[in-house]
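Notes to accompany the following structure.
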Amino acid sequence: MRSPLAKVMQEEEAEEINLTPMLDVVFIMLIFFIVTASFVKEAGIDVNRPEAATAVKKDRANILVAISDKGEVWINKRQIDIRAVQANIERLKAENPQGSVVIQADKKATTDILIKVMDAARAAGAYDVSIAAQEA
């Protein structure tokens, strides 16, 4: 016959709550939300975009280039020289070959800088170049 102490120990073991399945579910949900989350990419500065009546939202804009009102060019939250735009776009295009280039030019930016950035993007092999505008 078993001793009363062994019977009490066996009952305590049977009454424990097993947290392993709950932790598995929590970790699977965490992985699911991390994988499906869409992260917002920014060029690095806020740009006052011009309005356009025919503006269309583009879903897959992977390479963002911003041009400030002072003529500064920003890619990946870094200010870069106009001569380095082609090399930066080539690098980003190598990381994501299907990526398209979107240029966010300020209303007061000169067309000279805009054309230089567009030429650099095309020279880097990005032929899907768009200019961001605000919907009117």
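Amide H contacts of residue 131 (H built 1.01 Å from N, in plane; Pro and chain starts excluded): 103 sit under 5 Å, all sequence-distant by 5 or more or on other chains.
Counting only protein heavy atoms and using a 1.4 Å probe, the accessible area of residue 16 comes to about 140 Å². Backbone geometry of region 18-30 corresponds, through the Karplus equation with coefficients 6.51, -1.76 and 1.60 at θ = phi - 60°, to 3J(HN,Hα) couplings of 8, 8, 4, x, 5, 5, 4, 5, 5, 5, 5, 5, 4 Hz, x marking Gly and Pro. Rounded to the nearest 10 square angstrom, residue 116 shows an accessible area of 100 square angstrom against a 1.4 Å probe.
The values are calculated or read from the model by the stated rules, or taken from the named source; none is laboratory data. These numbers come from a predicted model, not from an experiment. Ligands, DNA and RNA are excluded from the accessible area calculation, which covers all protein heavy atoms including side chains. Shrake-Rupley method; radii C 1.70, N 1.55, O 1.52, S 1.80 Å.
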